[in-house]
Amino acid sequence: MSRINLKSAATLREPAELVVHGLASAADIPDLEKVAARYAVAVTPDIAALIDPNDPEDPIARQFIPSAEELVAQPGENADPIGDHAHSPVAGIVHRYPDRVLFKLVHVCAVYCRFCFRREMVGPGKATALSSDAYNGALGYIRAHSEIWEVILTGGDPLMLSPRRLTEVMADLAAIDHVRIIRIHTRVPVADPARISAEMVAALRVEDAATWVALHANHARELTGKARAACAAMIDAGIPLVSQSVLLRGVNDNTAALEALMRAFVECRIKPYYLHHGDLAPGTAHLRTTLEHGQQLMRSLRGRVSGLCQPDYVLDIPGGYGKAPVGPSYLSQANSLPGEGELDPETRYRIVDYCGDVHLYPPKPW
Ligand code: SF4
């Protein structure tokens, strides 16, 4: 018996609804109910329409349709995989690097990604947003720390706020003299592009700070005509967009998929920014790749697309030590080269080109 939740306005939130729409098998309902009791589920109509129910390997389904594999936590996985708590001086703020903070205003998203590194913070039974007192406390913290140059609104998804509330938040932040950049991390333009209304775009613009938007998408198919129009509306209003993606097994862990995604971003005037290695969030091992595989993919991308299409491949170091670039290195030192014997008299740099061929470069500037 289906249990379609009419209040959800066609966003699918229950395993039985997924079955009704051909996105899950009835036999899986007992396991999926266990997953949904622990981790939030939401599939918007725009995302559901992208899924091919006849493809068991569909890369969009893999990102959003829950799986029994999420019930299995692996050693090393952690409810707070990137150490937000260790760097949270007040509710809603993560202050990991001197000149910037994360401001976690809302704890809800349009869709829930099965690999989410904050899945324990946006899950069932959690508050949907910061209380008014906590919001004021977070603003007070930012005001009191003049080294904070950039505030990153993140999630949950800040574009789940109404344009009216977002206008207030942006004005509160822009009124702080030392806050020069407000960056918004969002999946809404792909998950629910209709939310990017003229009012929402207007809410993003402020006089006294620069707004940047980081769009989260992991497969080129997510950049539909409607998603592209939503992004163009922001860019045409003077808001620069960058991308962030997660390297995911069965979604984008092959050269063709990654290349198509990066080309699609650039065609949309979105600069590829980060390709994240999967975080050690509980029950997400089936979606992670190895670092070696990520490096191979970055090498193959380097040979195929222009610098505009190259993201930084990064790992958030478990424990809260920040991001580290983990892409391949093209530079090393060498005393010799195969077939050329000893290099005399100086150690030289060894540089690998995009075809994999090795070249030398002198160590001194003359
Ligand atoms: S949109 Fe972001 S915060 Fe929300 S579930 Fe996906 S990865 Fe997590």
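The values are calculated or read from the model by the stated rules, or taken from the named source; none is laboratory data. Note that the structure is a prediction, hence the values are computed from the model and not measured. In this analysis, Cβ positions are derived from the backbone assuming ideal geometry, glycine residues included, and neighbour counts consider all displayed protein chains. Ligands, DNA and RNA are excluded from the accessible area calculation, which covers all protein heavy atoms including side chains. Shrake-Rupley method; radii C 1.70, N 1.55, O 1.52, S 1.80 Å.
Simple spin-label estimate for Ala68 and Ser162 gives 4.4 nm between the two label positions (7 Å along the Cα-to-Cβ direction from each Cα).
Could you report the chain's accessible area per residue, 1.4 Å probe, as an integer in Å²? Could you put the intermediate results ahead of the total?
Numbers: 16770 Å² over 366 residues.
That works out to 46 Å² for each residue.
Largest GNM mean-square fluctuation across His219, His87, His277, computed for the chain with C-alpha springs under 10 Å, falls on His87.
Carbon and sulfur together cover what percent of the accessible area of the chain at a 1.4 Å probe radius? The value for the chain is 54 percent carbon and sulfur by accessible area. Projecting the Cα atoms of Val326, Pro89, Pro53 onto the charge dipole of the chain (Cβ charges, centred on the Cα centre) puts Pro89 farthest toward the positive pole. Label sites at Ala202 and Cys355, each approximated as a point 7 angstrom past Cα along Cα to Cβ, lie 5.7 nm apart.
Note on region 123-277: Cα Rg divided by 2.2 N^0.38 Å, N the number of residues, gives 1.09.
Give me D for region 255-308 in µm² s⁻¹, whole number, from Stokes-Einstein with Rh from the Kirkwood sum over alpha-carbon pairs, 20 °C and 1.002 mPa s.
Working: Rh = 12.4 Å.
In µm²/s, the coefficient is 173.
Could you check what % of the DSSP bridge pairs in the chain are antiparallel, to the nearest 5? The antiparallel fraction comes to roughly 40 percent. Helix 255-267 versus the longest principal axis of the chain: what is the Cα-based angle in degrees, 0 to 90, to the nearest 10? That works out to roughly 70 degrees. Loop-located GluC sites (Glu not before Pro) in region 177-271 (DSSP state not H, G, I, E or B) with no more than 13 neighbouring Cβ atoms inside 10 Å: Glu207. Whole percent per 10 Å bin, from 0 to the bin with the longest distance: what is P(r) over all C-alpha pairs of the chain? Pairs per bin, as whole percents: 5, 22, 30, 25, 11, 5, 2, 0.
Over region 1-154, the reciprocal of the mean inverse Cα-Cα separation, the Kirkwood hydrodynamic radius, stands at 17.4 Å.
For trypsin sites (Lys or Arg not before Pro), the sites in region 119-201 that DSSP calls loop and that have at most 15 other Cβ atoms within 10 Å are Lys126, Arg180.
Using only the alpha-carbon atoms, how far is helix 132-144 inclined from the longest principal axis of the chain? Give it as 0 to 90 degrees, nearest 10. That works out to roughly 30 degrees.
Per 0.36 nm of contour for each residue apart, how much would the distance between Ser25 and Ala256 grow if the chain were fully extended, relative to their Cα-Cα spacing?
Details: separation 231, 0.36 × 231 = 83.16 nm, distance 2.94 nm.
Taking 0.36 nm per residue and subtracting the Cα distance, the gain is 80.2 nm.
By the Cα gyration tensor, region 69-213 has an equivalent ellipsoid whose semi-axes, rounded to whole angstrom, run 25, 20, 13 from largest to smallest. Bridging of Lys364 to aspartates and glutamates at a Cα separation below 14 Å is possible for Asp344, Glu346, once same-chain residues fewer than 8 apart are set aside.
Among 356-362, 63-69, the peptide with the highest mean count of other Cβ atoms within 10 Å heads the list, and the full ranking is 63-69, 356-362.
Only one residue of Ala194, Leu161, Ile148 has its Cα farthest out toward the positive end of the dipole of region 140-199, where Lys and Arg carry +1 and Asp and Glu -1 on Cβ, and that residue is Ala194. Pairs from the table (Lys104/Lys271; Lys126/Lys226; Lys104/Lys226; Lys271/Lys323; Lys34/Lys104) lying more than 21 angstrom apart at Cα are Lys104/Lys271; Lys126/Lys226; Lys104/Lys226; Lys34/Lys104. Global size of region 89-129: 11.6, 33 Å for Rg and Dmax (C-alpha atoms, Rg to one decimal, Dmax whole).
FRET efficiency for Glu120 and Val266, Cβ-Cβ distance as r, R0 = 30 Å, nearest 0.05?
Numbers: r = 34 Å, r/R0 = 1.14.
Once the sixth-power term is evaluated, E becomes 0.30.
Close amide H partners of Val246, meaning residues 5 or more places away or on another chain with modelled amide H under 5 Å apart, are His276. Once the Cα atoms are used to define both axes, helix 29-38 deviates from the longest principal axis of the chain by about 80 degrees.
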